[in-house]
Ligand code: SPM
């Protein structure tokens, strides 16, 4: 973490403020800063630096290798959209795999789906889960659900070793540097395809349309190579650079679902109600797939 001390305004001339400055390799010329009240936890695990900071405006914040992973303020906009969009798009998912996602937010959202019988989390760094349980209890809220099993292993190897095992695979990864780089490679997408059952859906953290078009285009090319249905959708997250982040949505097989079919019906038939969500609803679900005009060239990869 780069901690920048700088003098406050006129009325705080004697008080020094503490600011966290994100150090994001894939957006090197843009910096996001948040004012920090105190450090709640800091360590270097076997894989990465892990910090939990109490921010002035966004609650507690999890930071890995100086990059913001999630904050209490806006985490729901990310976790609800990575989880519920594929979960409602599938006709009846019974098994789900989350790769990464050690803070537990994606697992928490999946646990709201009563039809899911098994939810596996494959997170390479056990310490992310342990630290999140201790410091981010509202996010790491569902690890005690009996359907959840945690495996502290390499997610890419896990997908390769579990063919035809899952109805949903959600890749809640950090960015394509460091331990997560392998999750942005073609072999991983091929292995995820093999790890899905027929009709299964792969949704992956897929960066920002304004800033990371090359990465997104590459992921959509993998999708085109392996998957029968392909979409890209967005959500809004103020504490990620550019305030938005997208996901690939790839579905497998001749009966591969699209994300819109029977959506309202499935929602009404589920046990879920409007009060179970803060961001997801059928309207945000559908709107998330609208690509802005400047990105329309990506449509050639979608089907
Ligand atoms: N469960 C939350 C884990 C976070 N997964 C996504 C992290 C992305 C961080 N960088 C965002 C860069 C914006 N393009």
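Extension gain for the segment residue 130 to residue 300, taken as residue separation times 0.36 nm less the Cα-Cα distance, is 57.0 nm to one decimal.
Ranked for footprinting exposure by Cβ neighbours inside 10 Å, fewest first, 106, 55 give 55, 106. Each residue, residue 260 and residue 289, gets one label point 7 Å from its Cα in the Cβ direction; the gap between the two is 0.6 nm. Relative to one another, the C-alpha centroids of region 279-303 and region 250-271 are positioned 16 Å apart. Footprinting exposure proxy ranking of 60, 127, fewest other C-beta atoms within 10 angstrom first, gives 127, 60.
Over the chain, dividing the summed -39,500 (n - 2.57) contributions of all DSSP H runs of at least 4 residues by the number of residues returns a 222 nm mean residue ellipticity of -7000 deg cm²/dmol. Projecting label points 7 angstrom from Cα along Cα→Cβ for residue 145 and residue 23 puts them 3.6 nm apart. Report, in whole Å, the centroid distance computed from the Cα atoms of region 185-234 and region 24-59. Centre-to-centre distance over Cα atoms comes out at 28 Å.
Over the chain, Cα pairs under 8 Å with separation of 6+ residues give a relative contact order of 15 percent. In this rough spin-label picture, where each label sits 7 Å from Cα along the Cβ direction, the residue 275-residue 94 distance is 3.2 nm. Efficiency by 1/(1 + (r/R0)^6): what FRET value for residue 35 and residue 236, r their Cβ-Cβ distance, R0 = 22 Å, to the nearest 0.05? Calculated value: 0.55. Sorting 213-223, 188-198 by their mean Cβ neighbour count within 10 Å, with the most densely packed peptide first, gives 188-198, 213-223.
Panel order for 69, 244, by other beta carbons found within 10 Å of each beta carbon, from fewest to most: 244, 69. Between residue 215 and residue 161, residue separation times 0.36 nm minus the direct Cα-Cα distance comes to 16.9 nm.
We did not get these values from a lab; they are worked out from the coordinates using the rules stated. What you are looking at is a predicted structure, and each value in this text was computed from that prediction instead of being measured. Here Cβ is always computed from backbone atoms with ideal geometry, including for glycine, and neighbour counts include all displayed protein chains.
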